[in-house]
């Protein structure tokens, strides 16, 4: 039957109306965006007349989801960073060494002297002097292992121990390694997010990619450099007791100590105790402050337990210096003037206001567990993005008008039915894009333009088929029906293959390519829907109304 | 009056000059491969690593002066090209500067970028930098790998699908046409040294998708006609199918090309390479559906009998031993 049942008709047009309603906000992009932003602020607890006014720009009963504009259209910074997870492995082994030393030293009569040997960063090498004690040393070291808590429930040890003669080699076990990497990544993501949120940019994308990478996209930032400054420092802050000062950078610091350069005075080095008194993790707050000479500084406050430790330490060490160390550089090494009980203070150094603010941000957000390497960075200026949007819009309009004329001229009334379907199709693409919160990129616009061209394909297949069926002298109703029926397998096969390609692009592609895959894939779905259902519905309504004896396609 | 690109009834013999058309296709493929190996592709930073900087100034671009300004920085291989586009204003002068990946660095150091920007400001004081992109060699290597994987994956998926829906001969024909389209597109990019980046891979896959679309429509009709005219020779059935779907083939390619040409002319220079690849691919894709895919099917021959197996099939050769 050519006619479509009422429930079906209603379903079809309901879908169209809903889709178009979802697309509607995109027609008033700036207005809706202002309104959405204002609403978000009101929800967050802010109120002002201006906000209420902005929020009222778009009625709340209408859908307000917008298509996200990709970085290439909006401008902003894109960074791909790699997390040096091996840093964490090395520092874990570093922290493990004192335990090994202590447990072996306790049985010195069996294992002899214990010395640490140089080795690759992912190994802890310990030499014992008594070959006879090798087995005992092996057992002792292995006894230090802790079960790894993992989802699989299998409790493997967190270390692997091997013994070769008198050389004990300790490595991190597979299970612990992956658990550790997972923790490091989660922590890194969290800290990156906090740091970027601190500077208050809107809608940043912070995404894990693969095992050791993070993708950071921040729209509206003038240059990737700003973000890089924010992420480039690990911000590991410690307060260490000063052992000595030296100008010899090769001086041996002695056991339990380490040598660090000074930031302000080149050529000056500090020998510090490795064990910090307190660390940045115990900070409760940090903000921009000024010292008594009105120079920018960073004010900080420790949490209660750290405040007590710091208080006790200052009480016991009045008159001796301690060093404030940031990422293995001494920022300043003041002398303790008096007991500091409250757990708050300021860090002075040669800061500009900007540097001090940044450092405060970093300290508040916490230290990165591992260093970041920047693998890829892109900055797109907002003007370039706007140019691309304008050019894309113009091209889409010109292309659309030409296609519409072409279809109208080729298929007459049926062509115009297809054109209505095409317009609905474009609306639906935007509707679905807004609904799923997809990102529109420059290649995405190309995908839409391509869909405009290809969307007519299904209609063309049907119309050509109707023409053929008309030649075999069947009635117009039967010809239309057969046209749809017989063109269906070609439509399904051809669109399914294209859809597969779009899926592959989506899975393997990244960034702009993915944006293209989304619009292409959605375009295929909506164009098949409009061609099979919308055009057909239009034709059947027209046919029922006119009852033509002959038709020309 | 209707606009008709193709007469209502066509009876073109697509196989009459089969050796000429098929030979031409084969020749073009071979030439593309040669061009590819002789000139190589002009890989963008996505695949080669390095930094690309887009500059914009009201003063006209003096490539030699730009180059001279950058020479003291010792950046290695630097390429500077002016960009022309009909959508630019009269006083909008745009250039692309590409710098090779710097030794030992994953992405370019901020100092280097500042140095470059300062050096260029010396030449054109009002210069701005609408985009700065930098890709490290590590990532670019991976991008090549995923790109190749994506193209191969798409081809494999298509072959399997066509094989399931049609016969294996059709699958071979379709994939031959696809390889033809992809190779020819890569060939033209090598010949004109158009920048080949990640977006072009997306374009290649789109071509694959579009071309298969075209081929499947002809095949679908061939399958239908093979059932309908059981006695007709394969050549005639394939020819008939191509003629019957010719109007649709030209219409669809036509509308798609119209939209793409609008984008090519008006869409700005940032996506020009991408759009060009798709437009070119649609032209060769349409050609290959008509002249390559079917030829392969014809060469391989097709099992004609789709009816249920003869119930007597099992005893067919029963008398051989006697």
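No value in this document is a laboratory result; all are computed from the given coordinates. Bear in mind the structure is a predicted one, so any value in this text is a computation, not a measurement. Cβ coordinates were reconstructed from backbone atoms using ideal geometry, including for glycine residues, and neighbour counts include every protein chain displayed.
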### Task
Return the single residue from B:203, B:259, B:147 with maximal mean-square fluctuation; model: Gaussian network over chain B, springs between Cα atoms under 10 Å.
B:259
### Message
Relative to 2.2 N^0.38 Å, what does the C-alpha radius of gyration of segment A:337-476 come to as a ratio? Two decimals please.
### Response
2.06
### Query
Beyond 13 Å, what percent of the Cα pairs of segment A:160-206 remain?
68 percent
### Query
Over segment B:64-167, how many percent of alpha carbon pairs lie in each 10 Å bin up to the one with the longest distance?
11, 32, 23, 16, 11, 6, 1
### For segment A:373-449 versus segment A:216-247, the gap between their alpha-carbon centres in whole angstrom
42 Å
## Note on the structure
Rounded to the angstrom and largest first, Cα extents along the principal axes for segment B:48-93 equal 33, 24, 11
### Query
Looking only at Cα atoms, what is the convex hull volume of segment B:248-304 per residue, in Å³?
76 Å³
### Task
Report, in degrees rounded to the nearest 10, the 0 to 90 angle that the Cα long axis of helix B:198-228 makes with the longest principal axis of chain B.
10 degrees
### the protein assembly as shown - mean residue ellipticity at 222 nm from DSSP helices (-39,500 (n - 2.57) per run, n ≥ 4, rounded to 500)
-18500 deg cm²/dmol
#### Entry: Inter-chain Cβ neighbour average for residues B:135-144, partner chain, 10 Å
3
### Message
If you take each beta carbon of peptide B:269-279 and count the beta carbons of other chains within 10 angstrom, what is the mean?
### Response
4
### Task
Could you check which residue among B:12, B:200, B:278 shows the biggest mean-square fluctuation in a GNM of chain B with a 10 Å Cα cutoff?
B:12
## Note on the structure
Expressed as a whole number, the average count of other chain Cβ atoms within 10 Å around the Cβ atoms of A:454-467 is 5
### Task
May I ask for the angle, rounded to the nearest 10°, between helix A:535-546 and the longest principal axis of chain A, with both axes built from Cα atoms and the value confined to 0 to 90°?
20 degrees
### Task
Go ahead and set up a Gaussian network model of chain B, Cα springs under 10 Å, then flag whichever of B:121, B:248, B:223 fluctuates most.
B:121
### Query
Between rounded, prolate and oblate, where does the protein assembly as shown land on the alpha carbon gyration tensor, with a ≥ b ≥ c its root eigenvalues, rounded for a/c under 1.5, else prolate if a/b exceeds b/c?
prolate
### Task
Quick one: grab the alpha carbon gyration tensor of segment A:140-285, order the square roots of its eigenvalues as a ≥ b ≥ c, and give me rounded if a/c is under 1.5, else prolate or oblate depending on whether a/b is larger than b/c.
oblate
### Message
How large is the direction-averaged shadow of the alpha-carbon convex hull of segment B:1-83, in nm²?
### Response
12.6 nm²
### Query
Which translational diffusion coefficient, to the nearest whole µm²/s, is obtained for segment A:24-77 from the Stokes-Einstein equation, given a Kirkwood hydrodynamic radius over C-alpha pairs, 10 °C and 1.306 mPa s?
133 µm²/s
## Note on the structure
With segment A:316-373 reduced to its Cα atoms and the Debye formula applied, log10 I(q)/I(0) at q = 0.15, 0.19, 0.24 1/Å amounts to -0.58, -0.88, -1.17
### Task
Enumerate the whole-percent occupancy of each 10 Å bin, from 0 to the last occupied one, for all C-alpha pair distances of segment B:122-172.
20, 22, 19, 17, 12, 7, 3
